[in-house]
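This report refers to the structure that appears directly beneath it.
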Amino acid sequence: MRLVADCHFHTVNSGHAYSTINEYATEAAEKGLELIGMTDHGPAMPGGPHIYHFDNLKILPDNLHGVEILKGVEANIIGYDGSMDIRDSTLENLDIVISSFHSPCLKPSSVEENTAAVIKSIENRYVNIIGHPDDSRIELNYTELAKAAADNGVMIEINNSSLMPSSYRVNARENYKKLLEECYKYSVYIVINSDAHFHDDIGEVDEAFELVKNLGYPKDLIANANIGKLKQRLEIRRR
């Protein structure tokens, strides 16, 4: 099995990333990826782009260098009520929406409040993926998270960046083992992404892929192993 898409990466527009969409597409084509999802941070992230960036993504081509380009956002959860820093009128025009808890945008609280914030964001019909729910500094109830993902047709991300030795996230590997066990119980679709901040890293997901494979997670529940399945999971909530 190989992965044919990478649905989480950041361009220079995120403020702390260092490559353009053209550089990413060129690299993705060389690596044989069929699709990439451009998901710059929402405006609440320090250094993040203005809302106009997301409203104007329609000017980008749908294909670059033979690679399909999905236009999206990694939206920041900014309230324990699940509110995010991108309005629905913008989200509805994007191809892919990742909802993520970032401590610069919302201070971590109790496991109950953290979990409620993520689950409430899942209830937004435009959210497709929960990004990197793996940091012990942002404690989550993985049983409740997996249930909510299954009930709402949302994918859970396995984030390669979190598993790298250079990652600032805490205890991600052990947390993913617990989370994947819960996801398996509820047949949750997962997506394995790079979270690249430099174009060389697009499609580089060896750490996450090996973890998922070694845990025996079903291939049929890995959404970005098949373009048709991935698109179905991205579109299912908008129907």
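Each reported figure results from applying straightforward, stated rules to the coordinates on display, with no laboratory input. Note that the coordinates shown come from a computational prediction; the quantities given were computed from them, not determined experimentally. Note that each Cβ is placed from the backbone with ideal geometry, even for glycine, and that neighbours are counted across all protein chains shown.
Picking from Val12, Val188, Val118, which is most flexible by a Gaussian network model of the chain using Cα springs under 10 Å? Top of the fluctuation ranking is Val12.
Just need the relative contact order of the chain here, percent rounded to a whole number, with Cα pairs under 8 Å and 6+ apart.
On the way: 509 pairs, mean separation 50.0, N = 239.
The normalised contact order for the chain reaches 21 percent.
Where Lys and Arg each count +1 and Asp and Glu each count -1, what net charge lies around Leu57 among other residues with Cβ under 13 Å from its Cβ? Intermediate values should be presented prior to the final figure.
Details: positive: Lys58, Lys71; negative: Asp40, Asp55, Asp62, Glu92, Asp95.
Cβ neighbours under 13 Å give a net charge of -3.
Partners of Lys58 within straight-line reach, counting lysines whose Cα lies under 29 Å from its Cα and excluding those fewer than 8 residues away in the same chain: Lys31, Lys71, Lys120, Lys229, Lys231. Computed per residue of the chain from DSSP H runs no shorter than four, each worth -39500 (n - 2.57), the mean residue ellipticity at 222 nm is -9000 deg cm²/dmol. Averaging the Cα positions of each part gives two centres, and for the stretch 104-131 and the stretch 77-97 these lie 11 Å apart. Structure remark: mean-square fluctuation, Gaussian network model of the chain, C-alpha springs under 10 Å; the largest value among Ile227, Ile69, Ile192 belongs to Ile227. Here the residues Ile36, Ile51, ranked from fewest to most Cβ neighbours within 10 Å of their Cβ, fall in the order Ile51, Ile36. The computed Kirkwood radius over Cα pairs in Å for the structure shown corresponds, within [x] 18.5; [y] 19.2; [z] 17.4, to [z].
For the stretch 121-162, a simple Cβ point-charge model (Lys and Arg +1, Asp and Glu -1, everything else neutral) yields a dipole of about 100 debye relative to the Cα centre.
Which of rounded, prolate, oblate describes the stretch 34-97, given a ≥ b ≥ c as roots of the alpha-carbon gyration tensor eigenvalues and a/c under 1.5 marking rounded, otherwise prolate only if a/b is larger than b/c? Spell out each step's value before the answer.
Working: a/c = 2.14, a/b = 2.07, b/c = 1.04.
Here the stretch 34-97 falls in the prolate category.
Look at the dipole of the chain built from charges on Cβ: of Asn224, Ile69, Asn171, the Cα furthest out on the positive end belongs to Asn224. Which of Gly153, Gly203, Gly48 moves most in a GNM of the chain, Cα contacts under 10 Å? So, out of Gly153, Gly203, Gly48, the one fluctuating most is Gly48. What you get for the stretch 5-238, charging only the Cβ of Lys and Arg (+1) and of Asp and Glu (-1), is a dipole of about 480 debye around the Cα centre.
So for the chain, taking the charge dipole from beta-carbon charges (+1 Lys/Arg, -1 Asp/Glu), which of Pro133, His16, His197 sits furthest toward the positive end? Of the candidates, Pro133 comes out farthest on the positive side. Residue order for His132, His199, fewest other beta carbons within 10 angstrom first, comes to His199, His132.
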